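The values are calculated or read from the model by the stated rules, or taken from the named source; none is laboratory data. Since the model is a prediction, treat every value here as computed from it, not as a measurement. Cβ sites come from the backbone with ideal geometry, for glycine too, and all protein chains shown count toward neighbours. Accessible surface is based on the protein model in full, side chains and every heavy atom, while ligands, DNA and RNA are left aside. Shrake-Rupley method; radii C 1.70, N 1.55, O 1.52, S 1.80 Å.
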Protein chains: 2
Amino acid sequence: MDQEQARRWLATAFEEARAGLGEGGVPIGAALYGGGGELLGRGRNRRVQDGDPSAHAETAAFRDAGRQRSYRGTTMVTTLSPCWYCSGLVRQFGISRVVVGEDRTFRGGRDWLAEHGVEVVVLDDPACAALMRGFVADRPELWNEDIGQG
Amino acid sequence: MDQEQARRWLATAFEEARAGLGEGGVPIGAALYGGGGELLGRGRNRRVQDGDPSAHAETAAFRDAGRQRSYRGTTMVTTLSPCWYCSGLVRQFGISRVVVGEDRTFRGGRDWLAEHGVEVVVLDDPACAALMRGFVADRPELWNEDIGQG
């Protein structure tokens with residue numbers, strides 16, 4: 001896909017991640033874009049804010065988009081490589097593409113998705129990586145809780 | 001695990017599934033039990049009721065349980081074999097065991113979970129199978145939407 005468009009879309013997810021950090025939450029953001037480039041949903045990790053462990057960023061963006069007949073042609077954009085839970089979301093619902101801000105902090109299921117026909121675009125964005133690196137250093141117990149390593 | 005206990009726990013998930021059917025929803029229910037046999041959370045698919053496509057039964061039960069430090073020793077009980085999304089949930093958070101009411105209607109990620117060290121107990125329960133069979137026959141478009149085959 002067009003790298004300029006991928007970076008514009010990542011900016012939406014990054015805004016969500018930064019807002020989450022400001023709320024004392026896990027700073028991961030996501031956005032779901034339709035095949036025509038329209039924003040369908042956006043969200044951020046809400047474990048701390050809502051006490052909801054299922055509210056990973058990708059799930060929050062997917063929920064925000066509401067019911068859709070099909071996800072063919074959609075793109076899930078996320079500041080951090082998706083965990084198994086959110087990778088399963090992408091595979092089950094047939095989301096066509098994933099744009100990953102960074103996968104240095106956490107690799108997740110990106111290779112598994114690519115093996116199963118999902119287009120995976122890794123931007124290796126320094127701002128996304130710095131945000132997560134700082135968070136993991138500051139709040140290791142919260143990060144471990146969020147990925148089930150508690 | 002003890003089959004009597006598995007069947008008692010499945011009854012909780014089945015109550016949820018039946019309640020969902022009564023609400024016009026997708027009739028799949030789930031419950032999360034702790035290592036000591038205590039009920040941590042329960043829920044049902046809420047796609048129709050809440051307009052929330054992320055509210056698969058297992059996710060609803062996981063959400064209902066709130067934040068947990070660890071899922072070691074927990075059991076996810078579900079009336080229907082978990083889809084990739086909910087299988088990813090089980091794997092990511094280290095839920096130790098899955099009790100499946102039936103896997104005739106939908107096989108999902110149960111083999112993948114077993115390969116990755118999750119204990120999978122399939123009860124092949126006739127009431128769970130009949131409930132789903134009737135639903136899929138009556139509302140094929142809703143069922144397909146719920147598993148991303150729309």
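For this structure, a couple of remarks:
- Yes/no for A:ALA17 being touching a residue at least 12 places away in the same chain (Cβ under 8 Å), assigned to a strand (DSSP E or B), more than 14 Å from every other protein chain (Cβ to nearest Cβ) and crowded, with 23+ Cβ neighbours inside 10 Å: no
- Residues being away from chain A (no Cβ under 14 Å), open to solvent by 20 Å² or more (accessible area, probe 1.4 Å) and more than 13 Å from the chain's Cα centre (by Cα) - total across the stretch B:112-138: 13
- The numbered conditions (1) free of Cβ contacts under 8 Å to residues at least 12 places away in the same chain; (2) away from chain B (no Cβ under 14 Å) are all true for A:GLN149 except (2).
- Of note, A:ALA6 does not satisfy the criterion of being under 18 Å from A:ALA55 (Cβ atoms) and touching a residue at least 12 places away in the same chain (Cβ under 8 Å).
- Just one residue in the set B:GLY88, B:GLY43, B:GLY66, B:GLY24 is without any contact (Cβ under 8 Å) to a residue 24 or more places away in the chain, among the small types (Gly, Ala, Ser) and within 24 Å of A:ASP64 (Cβ to Cβ); that residue is B:GLY88.
- Meets criteria (more than 11 Å from chain B (Cβ to nearest Cβ) and part of a helix (DSSP H, G or I)) for A:GLN92: no
- Any hit, the stretch B:52-60, residues being touching an Asp or Glu at 6+ places or on another chain (Cβ under 6 Å) and surrounded by 23 or more Cβ atoms within 10 Å (Cβ to Cβ): no
- Of all residues making up the stretch B:64-89, the number that are farther than 13 Å from B:GLY29 by Cα, within 12 Å of chain A (Cβ to nearest Cβ) and open to solvent by 20 Å² or more (accessible area, probe 1.4 Å): 6
- A residue that is touching a strand residue (DSSP E or B) at 6+ places or on another chain (Cβ under 9 Å) and farther than 21 Å from A:GLU145 by Cα cannot be found anywhere in the stretch B:61-70.
- Per this entry, A:ALA11 is not counted among residues that are surrounded by 18 or more Cβ atoms within 10 Å (Cβ to Cβ) and either modelled with pLDDT of 95 or more or under 12 Å from the mean Cα position of the chain (by Cα) (or both).
- Checked across the stretch B:24-45, the condition of being open to solvent by 60 Å² or more (accessible area, probe 1.4 Å) and more than 24 Å from B:GLY94 (Cα to Cα) holds for no residue.
- Residues within the stretch B:94-109 that are open to solvent by 10 Å² or more (accessible area, probe 1.4 Å) and modelled with pLDDT of 95 or more, tallied: 4
- Residue match in the stretch B:100-112 (condition: within 20 Å of A:TRP112 (Cα to Cα) and touching a strand residue (DSSP E or B) at 6+ places or on another chain (Cβ under 6 Å)): yes
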